[in-house]
Every structure is written in C-alpha cells, then in structure tokens.
Amino acid sequence: VPGHDGRRALLQAMAARLAPGGVLVATFWRFGAPELEARYAARQVSWSDPTVAPIDTAQLENGDQLLQWGDTPGALRYCHYCDDNEIRELIQGLGLETIDAFTEDGRNGELNRYAILRRPVS
C-alpha cells in the first residue's frame, strides 16, 4: 500500500471492523531487511527506467521499491519495506492488543513479519 498514511488508514479500517475478540493478522514483506537486501537487489528496477511509466519520485517514501516480479520480463511490482519501527508505529493506537509478532516464511524463515492483533472483549 503506497504512503504511510494509506497503510495506517487501511489498518485502522480493518481494526474498526473487528468484533470484540476478533483477530487481525497483518503481514509485512521484509525484502528490504539487511539480511535479505542482497537477495532482492537483482530484482530492483530503477524508478527512472525507460520501461517504467513516469512517476514523480518526490512522492516516494524511504522503503518504496519497484521489483521485477517472477520471470516475466516487464512484470513489475510496487513494494514497500516496513522496518520494525514502522510496523510498531502502524499498529500502535489501533485499540488492539498484540497476541503475537514473529518472522516466518522463505528459505530461512525470515521473509515476512507477522503481527497478530485482537480487539479486546470488553
């Protein structure tokens, strides 16, 4: 989801729809984490690449990347890397309690960061 405000608004909208005791699981792809950066560096496409539709790079945030998706030439995917500080900031103040937070998936169990949140019953 582009833009910090957009990511926060999406999480707020999902949290607002939870019934008491309801659970929300948010996943954050860690492609930009230091231990994964080299693995995804070859997939990064420059925002100024002539095959990419023009974009105002002033609208981009730290962590925004354009990645080659799969093996199909020209199949690109916008991605945003949230570090642990941004994840904490995004989920705090939602009125939810954290049940668990962990890193999992990928070759070494390090590809995604999960936050499991619950609306308190009372």
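The values are calculated or read from the model by the stated rules, or taken from the named source; none is laboratory data. Computed from a prediction, not measured in an experiment: that's the story for all the values here. Counting neighbours? That spans all protein chains shown, and the Cβs are built from the backbone with ideal geometry, glycine included. SASA here: full protein model, heavy atoms, side chains in, ligands and nucleic acids out. Shrake-Rupley method; radii C 1.70, N 1.55, O 1.52, S 1.80 Å.
Key figures
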| item | result |
| --- | --- |
| First in region 1-26 and more than 9 Å from Leu117 (Cβ to Cβ), second anywhere and polar (S, T, N, Q) and in a loop (DSSP other than H, G, I, E, B), Cβ under 8 Å, 6 or more apart | Pro20/Ser122 |
| Which listed residue is touching a Lys or Arg at 6+ places or on another chain (Cβ under 7 Å) and at positive phi, from Gly21, Gly106, Gly74 | Gly21 |
| Residues being under 19 Å from Trp29 (Cα atoms), part of a loop (DSSP other than H, G, I, E, B), out of contact with any Leu (no Cβ under 7 Å at 6 or more places or on another chain) and open to solvent by less than 50 Å² (accessible area, probe 1.4 Å) - total across region 89-110 | 2 |
| Every residue from region 28-64 that is in contact with a Lys or Arg (Cβ under 7 Å, 6 or more places away or on another chain) and at pLDDT 90 or above | Phe28, Arg30 |
